[in-house]
1. By accessible area of protein heavy atoms, probe 1.4 Å, what ranking do H119, H259 get, highest first?
2. As a test question: what accessible area, to the nearest 10 Å², does E208 have when a 1.4 Å probe is rolled over all protein chains in place?
3. How much accessible surface area, in Å² rounded to 10, belongs to the heavy atoms of M393 with a 1.4 Å probe?
4. Dipole of the chain, Cα-centred, from +1 at each Lys and Arg C-beta and -1 at each Asp and Glu C-beta, to the nearest 20 debye?
5. Can you tell which of T181, F70, F160 lies farthest toward the positive end of the dipole of the chain, using +1 and -1 charges on the Cβ of basic and acidic side chains (Lys, Arg; Asp, Glu)?
6. Which sequence of T49, T308, T184 reflects their accessible areas, 1.4 Å probe, from the largest down?
7. How much accessible area per residue does the chain have, in Å², with a 1.4 Å probe?
8. Would you kindly derive the ³J(HN,Hα) couplings of region 117-124 from the backbone phi angles with the Karplus curve 6.51 cos²θ - 1.76 cosθ + 1.60 (θ = phi - 60°), listing them in order in whole Hz, with x for Gly and Pro?
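The values are calculated or read from the model by the stated rules, or taken from the named source; none is laboratory data. Because the structure is a prediction, the values reported are computed rather than measured. Using ideal geometry, Cβ is built from the backbone for each residue, glycine included, and neighbour counts are taken over all protein chains shown. Ligands, DNA and RNA are excluded from the accessible area calculation, which covers all protein heavy atoms including side chains. Shrake-Rupley method; radii C 1.70, N 1.55, O 1.52, S 1.80 Å.
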Amino acid sequence: MGFGRTIAFFAGWFLTLGYSCIVALNASALALLTKFLFPDFVRTGYLYTVAGYEVSMIQIGIASLVLIIFALLNIRGASFSGQTQFVFSLILILGIILLAAGTVFTKGPSLSNIPPAFHPEQTALVSILTILAIAPFAYVGFDNIPQAAEEFKFEAKKAFKLIIWSLLAAGIAYSAMILITASTMPWQELLFKISVSQSVWGTGDAIESYLGKAGVWIIAATVCMGIFTGLNGFFISASRLTFSMGRARILPDLFRRLHPTYKTPYMGIWFTLAICLIAPWFGREALLWVVDMSSTGVAIAYFFCTATAYKFFRWRKGTESEGKSRTVAPWRKLCSLIGMISAIGFLALLLLPFSPAALGKESYIALLIWVVLGVIFYGFNAKRYNSIDEKEMNYLILEKEEI
């Protein structure tokens, strides 16, 4: 803990927010996809309208059901979740390949449809900053691996390779889908098509324009796999993080309980589920709020992570008077510095009111509620948390006495 236990809790609590928000985001996205495929069915049981979007019992039921299913799957353990994750990933990759092949071998899609690179009514800088602000939300995913590493049976070197390959694979997948969508037709035509049909999913409309209904079902299956991998991975991350904080005694003892049969931190899974079941009741607008909150939580956590790395690495060898020796790694220290600056930039874009990507009122309210909940947890557990000596704390969190 490079900056003390209070900051450690602060960083962990906001990272939990980031993970939990992505679980909620994926469940809400599945409800949105179902509405695109079966619009009349999803309108059944209309309840109310939020920011112009109709919320129905069917939509809430779909999102809630998938959250509950994946909570139960994750209680079965990381090994079982990992097997299903592998299958989901293979189907996801196959779907992207089929969609990319369609843009090459069918009439209509063309690279000439891609321009303009930026919104014509905005400057390039404003367009870039608007997307950049939510980058932390898209950046997470690779860290599912170290969060669950305790339950796997391979060396740290393999975990590092998996992280690098996962980052490359995610970057390629994101880029491929952006190019596929942008190449289908000029953006004016796509916006007109969306406005006429009152569609909830522009990418689906774009794919349908050159592959028909078959293309819609291909991308639907592909998106489902992306949603399922997100639900699976971030249920793991959120629950293992709260489990570690429970072992450190900064969260209530129930968070460190293991399932009697599967030996998984099931209370952390139920906690994540309870938080995420709120989002479907706010309809499509919840997607935007959740992305903003997730980006904020992740940016805060990554700032402290990179700041800690910066503190522990050295540009050059220090003298004895400088205290405890640290690893001499100038390149890693430079990367840590860049990470700190990037995290500050993300937070400025999200939290400064004059920023083009500033949080909305609803996101600020939800963020405040999360902070208050964290203060309550800290207030009730800080005394025992701070009374544990360093040797015992290392053992509680890492199951070893030295780090």
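1. Descending accessible area places them as H119, H259.
2. Its accessible surface works out to 50 Å², give or take rounding.
3. Counting only protein heavy atoms, the figure is 0 Å².
4. Charge dipole, the chain, about its Cα centre: 1020 debye, nearest 20.
5. F160
6. The ranking, largest first, comes out as T49, T308, T184.
7. 53
8. After applying 6.51 cos²θ - 1.76 cosθ + 1.60, I find 6, 10, 4, x, 9, 10, 6, 4 Hz.
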